[in-house]
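Asker: Below is the structure I would like to discuss, written out as structure tokens.
The values are calculated or read from the model by the stated rules, or taken from the named source; none is laboratory data. From a predicted model like this one, the values you see are computed outputs, not experimental measurements. Quick reminder, even Gly has a Cβ in these numbers, built from the backbone with ideal geometry, and neighbours come from all protein chains shown.
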Amino acid sequence: MDQYTHHIPPPCEAEIKLLYRDEHILVVSKPAGLLSVPGRIVKDSVLQRVQVDFPQAAIVHRLDLDTSGLLVLALNKHAVRELNRLFRERSIIKEYDAEVFGVIQHDMGVIALPIAADWERRPRQRIDRLLGKDSSTRFYVRARRGHSTVLLLKPETGRSHQLRIHLSNIGHPILGCDLYAHETAFAASNRLRLHARYLAFAHPFTGESVCFEDHISF
């Protein structure tokens, strides 16, 4: 679910970076603090801005308001259909950078916890071992700092808030997370330390493998 959490966000002054364009797709880098699609109150979004120059553009996946990084948009119906299929079949490789609270001892691991909507506290999600959908996240330690750990994350499923709630539930919430982090972790950063750094998929027209990277330093 891509909308503001417990507040109306301030205007996002940062610009979208156009990283790739052809007849069928656009790849952009979304700044933190900008919606992927127009919300109920705030209309400024990646889609609204992109459609100024590409009115036919369509969103095929989303990033949370506070998450920065790579988004691919479709420029025609064929691309919409093919990209939706790839996401549905989990054929698109996604990687994220994150900085989390505390020092993780294991160099790598898998978090497998089922996720369901927390309807009484929307837009929050919750871990639900009876009704939740299977969800899996692989993590790899990039660096350990005094009170935090920098991770490479590879989600194997694409549930709402998956990375945030998975890391919180193993005791290492993402810094700056206003939904799942405790007060100390939330106050440790002025933004959510989560960035979509890598996308790889079969091009919807040519079928050739394409990949895109967008690096950030936390």
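Asker: Would you check which residues across region 91-117 are more than 30 Å from residue 208 (Cα to Cα) and in a strand (DSSP E or B) and list them? Lay out the reasoning, then the answer.
Answerer: First pass over region 91-117, keeping only residues more than 30 Å from residue 208 (Cα to Cα): 99-109, 111-117.
Once the filter is applied, which keeps residues that are more than 30 Å from residue 208 (Cα to Cα) and in a strand (DSSP E or B), region 91-117 yields 99, 100, 101, 108, 109, 111, 112, 115, 116, 117.
Asker: Of the residues 185, 181, which single one is closer than 30 Å to residue 200 by Cβ, in contact with a Leu (Cβ under 8 Å, 6 or more places away or on another chain) and outside any strand (DSSP E or B)?
Answerer: On the way: 185 fails: closer than 30 Å to residue 200 by Cβ.
181 is the lone residue from the list that is closer than 30 Å to residue 200 by Cβ, in contact with a Leu (Cβ under 8 Å, 6 or more places away or on another chain) and outside any strand (DSSP E or B).
Asker: Further question: Take the residues in region 1-22 that are of a type in the set (A, V, I, L, M, F, W, C) and farther than 16 Å from residue 49 by Cβ; name whichever of them is modelled with the highest pLDDT.
Answerer: Our first condition is that a residue be of a type in the set (A, V, I, L, M, F, W, C); within region 1-22, this holds for 1, 8, 12, 14, 16, 18-19.
With farther than 16 Å from residue 49 by Cβ added as a condition, the list becomes 1, 8.
Working: 1: 36, 8: 75.
Out of the qualifying residues, it is 8.
Asker: Taking the residues in region 121-152 that are among the small types (Gly, Ala, Ser) and not in a strand (DSSP E or B) as candidates, determine which candidate is modelled with the lowest pLDDT.
Answerer: To start, the set of residues in region 121-152 that are among the small types (Gly, Ala, Ser) comprises 132, 135-136, 143, 146, 148.
Adding the requirement that they be not in a strand (DSSP E or B) leaves 132, 135, 146.
Numbers: 132: 95, 135: 97, 146: 91.
By that ranking, first place goes to 146.
Asker: Same structure again: Name the one entry in 171, 158 that is modelled with pLDDT under 95 and either aliphatic (A, V, I, L, M) or surrounded by fewer than 16 Cβ atoms within 10 Å (Cβ to Cβ) (or both). Steps first, answer last, please.
Answerer: Working: 171 fails: modelled with pLDDT under 95.
Being modelled with pLDDT under 95 and either aliphatic (A, V, I, L, M) or surrounded by fewer than 16 Cβ atoms within 10 Å (Cβ to Cβ) (or both) holds for just one of 171, 158, which is 158.
Asker: Next up: Please go through (1) touching a Pro at 6+ places or on another chain (Cβ under 7 Å); (2) not in a strand (DSSP E or B) for residue 51 and return the number of the only condition it doesn't satisfy.
Answerer: Answer for residue 51: the failing condition is (1).
Asker: Among the residues of region 39-90, what is the count of those that are in contact with a strand residue (DSSP E or B) (Cβ under 8 Å, 6 or more places away or on another chain), free of Cβ contacts under 8 Å to residues at least 60 places away in the same chain, surrounded by fewer than 20 Cβ atoms within 10 Å (Cβ to Cβ) and not hydrophobic (A, V, I, L, M, F, W, C)?
Answerer: Number satisfying all stated conditions: 2.
Asker: Of 182, 195, which residue is under 22 Å from residue 29 (Cβ atoms) and at pLDDT 95 or above?
Answerer: Numbers: 182 fails: under 22 Å from residue 29 (Cβ atoms).
195 is the lone residue from the list that is under 22 Å from residue 29 (Cβ atoms) and at pLDDT 95 or above.
Asker: Further question: Evaluate region 58-77: report whether one residue or more is more than 23 Å from residue 151 (Cα to Cα), at pLDDT 95 or above, of a type outside the set (Ser, Thr, Tyr) and assigned to a helix (DSSP H, G or I).
Answerer: Yes, region 58-77 contains a residue that is more than 23 Å from residue 151 (Cα to Cα), at pLDDT 95 or above, of a type outside the set (Ser, Thr, Tyr) and assigned to a helix (DSSP H, G or I).
Asker: Can you name the condition, by its number, that residue 216 falls short on among (1) aliphatic (A, V, I, L, M); (2) crowded, with 21+ Cβ neighbours inside 10 Å; (3) not in a strand (DSSP E or B)?
Answerer: For residue 216, the exception is condition (2).
Asker: May I pose another question? Evaluate the following for residue 149: is it within 28 Å of residue 50 (Cα to Cα), of a type in the set (Ser, Thr, Tyr) and either surrounded by fewer than 21 Cβ atoms within 10 Å (Cβ to Cβ) or touching a strand residue (DSSP E or B) at 6+ places or on another chain (Cβ under 9 Å) (or both)? Full working, then the answer.
Answerer: Numbers: within 28 Å of residue 50 (Cα to Cα): no; of a type in the set (Ser, Thr, Tyr): yes; either surrounded by fewer than 21 Cβ atoms within 10 Å (Cβ to Cβ) or touching a strand residue (DSSP E or B) at 6+ places or on another chain (Cβ under 9 Å) (or both): yes.
No; evaluated as a whole, the condition is false for this residue.
Asker: Let me ask you something else. Which number in (1) closer than 15 Å to residue 172 by Cα; (2) within 15 Å of the chain's Cα centre (by Cα); (3) surrounded by fewer than 19 Cβ atoms within 10 Å (Cβ to Cβ) marks the one condition that residue 97 misses?
Answerer: (3)
Asker: Between a residue in region 144-162 that is hydrophobic (A, V, I, L, M, F, W, C) and any residue that is at pLDDT below 95, which pairs come within a Cβ distance under 7 Å, given they are 6 or more apart or on different chains?
Answerer: Listed pairs, sorted by first residue: 150/218.
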